[in-house]
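Take a look at the structure below.
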Amino acid sequence: MLIIEQIGKIEIKKNFQNYSNKKKFKNKGQILKYLSNKNGFLGIDNKVNFKEKVIIIPFGLEKTVSYGGGTKNGPKEIIKASHQVELYDEELLCEPYKKIGIKTLKPFKIGKDIKKALEKLSKINQNILDKDLFPMTFGGEHSITPGCIAPFVKKYKNICLLPFDDHAALR
């Protein structure tokens, strides 16, 4: 059973009955928890309290890179850089994150088998979608795409994929 909580550490529990009253997402007993607002995406002040609608999934997979390395650090660096973003939107005249509500999952173990890793990512995304929340995956390499979009394809007839990359990758 995968449980997302507001505070604490990632734990693997065989006996998860003690957690029966918390948000539960099925995923083989693994408990995934949120980073504090201050350490999560955008570095929002911990005093700000909101109901999340978007869940950031840091998925630093590094399995199929063809040159160099470091893609596993992509999510951590995206989150770190996001702390420098101006939160006030001059066109909307507000701080949109307060209306949207964004929480960031604590980083969790990603196995060595790429097929199992993508299945895990797919299950996490599916369970977040099942809770009527929006998963947003931060990765480091292109191979995570199937695990990200599979649950969306199951749930919606038409989807539009908007990938962000550090280069055009047109070869």
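Observations on the structure shown:
- Virtual spin-label span in nm between ASN73 and ASP132, 7 Å along Cα→Cβ: 4.1 nm
- Segment CYS94..LYS53, full-extension length gain: 13.0 nm, with 0.36 nm per residue of separation and the alpha-carbon distance subtracted.
- What the Cβ-Cβ distance of ILE149 and LYS112 gives, at R0 = 22 Å and to the nearest 0.05, is a FRET efficiency of 0.45.
- The stretch 63-103: chymotrypsin sites (Phe, Trp or Tyr not before Pro) in DSSP coil with no more than 16 other Cβ atoms inside 10 Å: TYR67, TYR88
- For GluC sites (Glu not before Pro), the sites in the stretch 70-104 that DSSP calls loop and that have at most 16 other Cβ atoms within 10 Å are GLU86, GLU90, GLU91.
- The stretch 120-171: chymotrypsin sites (Phe, Trp or Tyr not before Pro) in DSSP coil with no more than 13 other Cβ atoms inside 10 Å: TYR156, PHE164
All of the numbers you see were taken from the coordinates with simple rules; none came from a lab. Owing to the predicted nature of the structure, the values given are computational and were not obtained by experimental measurement. All Cβ positions, glycine included, derive from the backbone under ideal geometry; neighbour counts span all protein chains shown.
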